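Below: the structure, in C-alpha cells.
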Amino acid sequence: MNLRSPISSSESIAGAFVLLATLWGTSFVAIEAGLHYFPPLLFAGVRYAVAGTIVLAFAVIVSDRFVPRGRDEWLG
C-alpha cells in the first residue's frame, strides 16, 4: 500500500510552518484581549472546549474510527 503524505513538498512544509506560527502568535493577542472581558479560568475553559471541539471534528473527518477501543487506548 502506497500512502502519500499530504505534506510532501518543501513548499507545503514551509506553508504549514508559516500557518502554525501565525496562528500561534495571534493567539497571545487574542488571550490578552479576552482577559479584559472574561475571568481567567472561564476564558481558559472556553478556549480548551473550543480547541477540543475542533480536534474532535478533525478526527471525525480524517479517521474511520475516532472513539478509542479498549482500556489501553483510553489510557493513552
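Numbers below:
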item: Top-ranked residue of region 7-49 - restricted to ones that are polar (S, T, N, Q) and part of a loop (DSSP other than H, G, I, E, B), ranked as modelled with the lowest pLDDT; result: SER8
item: Output for region 29-76, where each listed residue is of a type in the set (Lys, Arg) and exposed (fewer than 10 other Cβ atoms within 10 Å of the Cβ); result: ARG65, ARG69, ARG71
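The values are calculated or read from the model by the stated rules, or taken from the named source; none is laboratory data. Bear in mind that the values here come from a model prediction, so they are computed numbers and not experimental data. Quick reminder, even Gly has a Cβ in these numbers, built from the backbone with ideal geometry, and neighbours come from all protein chains shown.
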